[in-house]
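See structure below.
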Amino acid sequence: IKLFSANANPELAQEIAEYLGLSMASAKVIRFSDGEVTVDIDESVRGADVFIIQPTCAPVNEHLMELLIMIDAVRRASARRITAVIPYYGYARQERKSRAREPISAKLVANLLTAAGARRVVAMDLHASAIQGFFDIPVDHLPGVPILAEYYQKKHLDNLLVVSPDLGGVTRARNLANRLGTEIAIIDKRRPQPNVAEIMNIIGDIRGKTVVMADDIIDTAGTITLGAQALLDRGAKEVHACCTHAVLSGSAYERLEKSVIKEVLITNTIPFDSAKAASCSKIKVLS
Ligand code: R5P
């Protein structure tokens, strides 16, 4: 087995290597002065079972190209099998046409990975699990819920209810609720335009409850902060939030800090920006 990482999350790659009792194989990602990417694979991969660990988080296009080019390099160097370990799959939210003439970029990315030479994919919480079917190679789709649930089990929150911040997250919320022995409620969210969330209704009785909102992604934090406010306005006692992928773009950190949310639990599929984190004391990162 050979484990490689490009530039997106070398800390996570190192953590995985240590967990497995392996050391990282040596490779460098190099940029030419015009921005083109190439890689230097510093050891033989002939006949090896190669795993390349690279979430395609921001800057998404850069990290995606690094991954594709690294796959190409190890394929041409006669690796026996190449697994792309993509803890966060960028472009996953473009997985269907919701308006005329929209691209399905999540499928395009799947085509690119397969064409480059990936023969297996490991991903966590793909925004829509149907993305597995965009590949004609095996996809191991890992959920973040067991890790998040374990944390809340130890926290012993009283009178707990899990809330899905939109209709698309109901299965995830139910999985978390089952592990915590509780029920779910659902927020009916609308997106009048990209990156803008509007809360329409809450389905379920949230009065007096300690609520955990569970999402796959927190990006601008619009969904989760508006949802939390709506839950408190309608009688919830307090609101916690969790997600697998902390994209946290724009003013997400400040938004979370100013919000009514008590604590935001995230995982490290995307590296956590500790400099920005100084502006938000509510975030707790799980591995
Ligand atoms: C959308 O369907 C996803 O599950 C998340 O709810 C969404 O990506 C969160 O985005 P934001 O934090 O920008 O509202």
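The values are calculated or read from the model by the stated rules, or taken from the named source; none is laboratory data. Here the structure is a predicted model, which means the values were calculated and not measured. Here the Cβ positions follow ideal geometry from the backbone for every residue, glycine too, while neighbour counts run over all protein chains shown. Note: areas computed on protein heavy atoms with side chains; ligands, DNA, RNA excluded. Shrake-Rupley method; radii C 1.70, N 1.55, O 1.52, S 1.80 Å.
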Checklist line | Computed over region 164-256: relative contact order in percent, which uses C-alpha pairs under 8 Å that are six or more apart | finding: 27 percent
Next item on the list: For the chain, find the longest principal axis of its Cα atoms and tell me its angle to the long axis of helix 60-76, 0 to 90°, nearest 10.
Entry: 40 degrees
Check: Rounded to the nearest 500 deg cm²/dmol, what is the calculated helix-only ellipticity per residue at 222 nm for the chain, with -39500 (n - 2.57) per DSSP H run of length n ≥ 4?
Finding: -9000 deg cm²/dmol
Check: Over region 63-219, what is the mean sequence separation of C-alpha contacts under 8 Å (at least six apart), divided by residue count, expressed as relative contact order in percent?
Finding: 17 percent
Checklist line | Unit charges at the beta carbon, dipole of region 183-287: most positive-side option, L231, H245, I270 | finding: L231
Item checked: Accessible area of the chain divided out per residue, in Å², using a probe of 1.4 angstrom -> 48 Å²
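Taking all protein chains in place and a 1.4 Å probe, what share, in percent, of the accessible surface of the chain do carbon and sulfur account for? Before the final figure, lay out each step's value.
Details: 6750 of 13680 Å².
Reported share for carbon and sulfur atoms: 49 percent.
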Next item on the list: Starting from the Cα of I203, step 7 Å toward the Cβ, then list every residue of region 125-160 with an amide N under 14 Å from that point.
Entry: none
Next item on the list: Sort the following peptides by mean Cβ neighbour count (other Cβ atoms within 10 Å, averaged over residues), highest first: 154-161, 220-227.
Entry: 220-227, 154-161
Next item on the list: Quick one: divide the alpha-carbon radius of gyration of region 165-237 by 2.2 N^0.38 Å and tell me what you get.
Entry: 1.05
Checklist line | Paired Rg and Dmax values of region 152-195, which use every Cα atom, in angstrom | finding: 12.4, 39
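By how many nm would the segment from E18 to V196 lengthen if fully extended, with 0.36 nm per residue of separation less the alpha-carbon distance?
Answer, rounded to one decimal: 60.1 nm.
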Check: Which value does Rg/Rh take for the chain over its C-alpha atoms, Rh per Kirkwood?
Finding: 0.99
Notebook entry, point to check: Can you give the relative contact order of the chain as a percent, counting alpha carbon pairs under 8 Å and 6+ residues apart?
Noted result: 12 percent
Checklist line | Percentage of interatomic Cα-Cα distances in region 120-215 larger than 24 Å | finding: 32 percent
Next item on the list: Provide the gained length on full extension for the span E183 to H156, in nm with one decimal, where the gain is 0.36 nm per separating residue minus the Cα-Cα distance.
Entry: 8.2 nm
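Contour minus end-to-end for D40 and D72, with contour as 0.36 nm per residue of separation and end-to-end as the Cα-Cα distance?
Stretched out fully, the D40 to D72 stretch lengthens by 10.3 nm.
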Item checked: Size of electric dipole in the chain: Cβ of Lys, Arg +1 and of Asp, Glu -1, about Cα centre, debye, nearest 20 -> 600 debye
